[in-house]
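Right, one structure below, let's go through it.
What follows draws every value from the coordinates through simple rules; no lab data is involved. All values reported here derive from a predicted model rather than from experimental measurement. Positions of Cβ are generated from backbone atoms using ideal geometry, with glycine treated the same way; all protein chains shown enter the neighbour counts.
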Amino acid sequence: MTQQPQAKYRKDYKSPDFTITHLDLAFDLEASQTRVVAKSRVKQLTEGADSLLLDGDSLVLKRVEINGSSWSNYEETEEGLLLSDLPAQFELLIETEINPEANSSLEGLYLSDGAYCTQCEAEGFRRITYYLDRPDVLAKFTTKITADKASFPFLLSNGNKIGEGELENGRHWVQWEDPYAKPSYLFALVAGDFDLLEDTFTTKSGREVALQIFVDKGNLNRAPHAMTSLKNSMKWDEERFGLEYDLDIYMIVAVDFFNMGAMENKGLNVFNSKFVLANSDTATDTDYLGIEAVIGHEYFHNWTGNRVTCRDWFQLSLKEGLTVFRDQEFSSDLGSRAVNRINNVRIMRGPQFAEDCSPMAHPIRPEKVIEMNNFYTLTVYEKGSEVIRMMHTLLGEANFQKGMKLYFERHDGTAATCEDFVKAMEDASGIDLGQFRLWYSQSGTPVLDVTTAYDASAKTFAMTVKQHTPATADQKEKQPLLIPFDIELYAQDGSVIELQRNGQKVDNVLHVTDAEQTFVFEGVNEAPKVSMLREFSAPVKLNYDYSDEELAFLMVHARNEFARWDAGQMLLAKHIKANVARVQSGESVEIPADVIDAFRGVLLNKELDVALIAEVMTLPSENEIGGWFDVVDVDAINLVRDAFKSAFAKELEDELSAVYHTLAQDEYSIDHAAIGKRTLRNVCLGYLALNGQGDELVNAHYAGSKNMTDTAAALGAANHAQLPCRAALMQSFSDKWQHDGLVMDKWFMLQGCNPAANALENVKAQMSHPTFSLKNPNRTRSLIASFCNNNPVHFHAKDGSGYQFLSDILIQLNESNPQVASRLIDPLLKLKRFDEQRQKLMRAELERLASLNNLAKDLYEKINKALEA
Ligand code: TRP
Ligand code: ZN
């Protein structure tokens, strides 16, 4: 490390001295020597300013001109190009040379399987040319692309096509113009040969928009679901948010090499092919739903992100939290609201809560950043969405939409802040969000401790709610937050008891504002059963001493589906926790019959949505369970969770088997009813695989499968239960799909999660599989990240072999792709959550990485925090 990387602070934000209003780009594409000519119109903003630092990274400077003449008053520095003695307004020309072929970081301009593409968010544009690469500089772009015509028949960029032509030597060019001023991170360029799926969408005001999806040659039959999802997104945003698309063309390109899910570049989204390509042979139901959500997410960014963008990167949640909220609402309006909510809450209670108590803990609006790529986190995205959702709960849909309207009236075409958004919501609704704003600046997961008291003579029911937020690595002192706390009371016969306080009917959503508060309800004629934190009304942990009987009651009688599921989860949590303690003190696992019976009741309940039954029957993950303890005992947790699975399998065998057989479907379709049936049937399969006839059943399921959902379920069940048929099924799958990396990712994931004793040796062996490559982020995530994150017993092996394996890989990725390395390291940062011996081993690997002399900023920031803590 030549120089210690420097942190930037939110409080130090300063508007730039100059801005750029127009940028004309010209690319001459060559694999190792691409020329970029950037002509910008620069305007002074701060009176008297005469020097300007343009960001740049890995660029070879060829030419600088100002107002048409060569300019020599510049200096190339560590961070970029420092221009001096500048006039107040000028035209700047910069020519740079870049090397896309050598770019394995997948930021800036790179090659993905022979096609050129770009990824500029957050700070990748500076790898293309020297520029004010910050989101508060908004310019109108034109882009001219020149390349060989035979290899690159499609030359794409943002906006509308304004010209094209042929050149000698088989080259051709296309020029694009984006009429909307945008920051550099929304720039995109793609050049390649693709199959093209085309359609149109007519907006509510009658404009026709051309829709184009570009996929690798031969993949056209996997593009229709993405197109349907896009049209559904456009329609939904008009109906629910009143927002219409604003260009005449919307393009999506699917690429195999991509660091994240997808990118919302104006008019030209670039997608990880995982979130575009699907047909019933290659994609599972989960893949289909993921595509719908991500297509929606990127489309919704056109208003929340592009038309109104972020002033600086500390405001990232302004666009991401809000856009996740919008995509969650889209999926919920189109599918099952309860199932979507359950899946989102699982992410909060599992990985997001874990991030909140890790060395990387940060508020949804971070205060301090070294590498911005490290802050595309579950906290900024998922907790950010929960914060928007709480505002929606406090304001109601009508006021929330008034707030959105005011937000766009005030900020359309500008770079805004989180505070601007909250202020718009506050002004439009008249509701005071003063205390609520703390959710933006305070990190960590608040804990609610609730006690209740029923007074039979006064007919009152009192709930005392205490809140506290444990200190986090980044912030010691915490204050009480405004927590919307949604509750409902039930009488023994299941009827709802109306909430009354001070003689008045009150809303279900209580406002918890103090460290300790008591809510007294009147007119309560019997000791009630109380459903709490309904719909996960706030991203908090809830402690309340429920009896088994109360939870079993809520599983049946709670009026909303989410609350029923949650009661089941609490019942499981109570007994899983108790059994982890039993196992730790040398006793055996004991599961009371009434617990099993509560789940039997759900499984047999004909009135429930099958998709919900599937969720109720799914145990919390080992990681989520780990979050319930101060010191995570991976072995005991694994043993107890497996014991619960086996007990359900054995005790509910007849019911599971009956449900499994009645849910068989002849035809495949991807409507929500069919997905629900497959999901529950495959959950049943997962249990039945553990019983005597498991091998036969799973084998038959695989052989009879006519779609990838059932095929993957059979493989998953064989893998988890370590069935005799596992090896043959895995081989059969690999023989059939090894030409296709995306499909093989499902297989690599199972190798990563393999419970076998030799899991690590096997993972290492699979790195030589012809389809595997550490250069491809999807492959790396499916094999390596699944091992490190979802195979805790083996990753945390007591001899440290799992940790050592991860850091060996990180040493390679640190050079080739620091962004992927930095995501992969997360499980190693959480050393404080484990016993002394494991901590020591993890620390040793972190120290080994810290001593690398070329450590990228990405890893540097995380490792430093983990070692400091
Ligand atoms: N803005 C993108 C999204 O949420 C995120 C993204 C895509 C990204 N690619 C990236 C962020 C690369 C950082 C780096 O939709
Ligand atoms: Zn996003």
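Could you give every pair whose Cβ atoms fall below 6 Å, whose first residue belongs to the stretch 300-320 and is touching a residue at least 24 places away in the same chain (Cβ under 8 Å), and whose second residue is polar (S, T, N, Q) and more than 11 Å from ligand 2 (Cβ to nearest atom), counting only separations of at least 6 or pairs across chains?
Once the first residue is touching a residue at least 24 places away in the same chain (Cβ under 8 Å) and sits in the stretch 300-320, its partners that are polar (S, T, N, Q) and more than 11 Å from ligand 2 (Cβ to nearest atom) give R311/T417; Q315/T417.
Do we have any residue at all in the stretch 280-288 that's hydrophobic (A, V, I, L, M, F, W, C), more than 11 Å from ligand 1 (Cβ to nearest atom) and more than 23 Å from P224 (Cβ to Cβ)?
Checking the stretch 280-288: not a single residue is hydrophobic (A, V, I, L, M, F, W, C), more than 11 Å from ligand 1 (Cβ to nearest atom) and more than 23 Å from P224 (Cβ to Cβ).
For the stretch 390-410, check the following and say yes or no: at least one residue is more than 19 Å from R326 (Cβ to Cβ), away from ligand 1 (no atom under 16 Å from the Cβ) and among the hydrophobic types (A, V, I, L, M, F, W, C).
No, every residue in the stretch 390-410 fails to be more than 19 Å from R326 (Cβ to Cβ), away from ligand 1 (no atom under 16 Å from the Cβ) and among the hydrophobic types (A, V, I, L, M, F, W, C).
Kindly list, by first and then second residue, each pair from a residue in the stretch 400-412 that is more than 11 Å from V422 (Cα to Cα) to a residue that is of a type outside the set (S, T, N, Q) and part of a loop (DSSP other than H, G, I, E, B), limited to pairs with Cβ atoms under 9 Å and residues at least 6 apart or on different chains.
Q401/G242; K405/G242; F408/L243; F408/W303; F408/R307; H411/R307; D412/W303; D412/R307
Give L106, L132, L92 a once-over and let me know the one that is in contact (Cβ under 8 Å) with a residue 12 or more places away in the chain, surrounded by 22 or more Cβ atoms within 10 Å (Cβ to Cβ), within 16 Å of ligand 1 (Cβ to nearest atom) and not hydroxyl-bearing (S, T, Y).
Residue meeting the stated conditions: L106.
Being within 16 Å of ligand 2 (Cβ to nearest atom) and of a type in the set (K, R) is the filter here; which residues of the stretch 301-356 pass it?
R307, K319, R326
Quick grid of which residues meet (1) closer than 19 Å to D178 by Cβ; (2) buried (at least 18 other Cβ atoms within 10 Å of the Cβ); (3) in contact with a Ser or Thr (Cβ under 9 Å, 6 or more places away or on another chain):
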| residue | (1), (2), (3) |
| --- | --- |
| A26 | yes, no, yes |
| Y74 | no, yes, yes |
| G80 | no, yes, no |
| A88 | no, no, no |
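Matching residues to (1) buried (at least 16 other Cβ atoms within 10 Å of the Cβ); (2) acidic (D, E); (3) out of contact with any Gly (no Cβ under 7 Å at 6 or more places or on another chain):
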position: N758; (1), (2), (3): no, no, yes
position: L774; (1), (2), (3): yes, no, yes
position: V793; (1), (2), (3): yes, no, yes
position: A797; (1), (2), (3): yes, no, yes
position: D808; (1), (2), (3): no, yes, yes
position: L813; (1), (2), (3): yes, no, yes
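Being of a type in the set (K, R) and free of Cβ contacts under 8 Å to residues at least 12 places away in the same chain is true for just one of K840, K830. Which residue is that?
Sole residue among the options that is of a type in the set (K, R) and free of Cβ contacts under 8 Å to residues at least 12 places away in the same chain: K840.
Residues being away from ligand 1 (no atom under 15 Å from the Cβ) and surrounded by 24 or more Cβ atoms within 10 Å (Cβ to Cβ): count how many of those fall in the stretch 368-385.
Within the stretch 368-385, residues that are away from ligand 1 (no atom under 15 Å from the Cβ) and surrounded by 24 or more Cβ atoms within 10 Å (Cβ to Cβ) number 0.
Using beta carbons and a limit of 7 Å, which pairs, at least six apart or on different chains, have the first residue in the stretch 763-776 and under 14 Å from S734 (Cα atoms) and the second one part of a loop (DSSP other than H, G, I, E, B)?
Q766/F772; P770/Q738; T771/Q738
Within the stretch 624-682, track down each residue that is β-branched (V, I, T), surrounded by fewer than 18 Cβ atoms within 10 Å (Cβ to Cβ) and either out of contact with any Lys or Arg (no Cβ under 8 Å at 6 or more places or on another chain) or part of a helix (DSSP H, G or I) (or both).
Residue satisfying the conditions is T662 alone.
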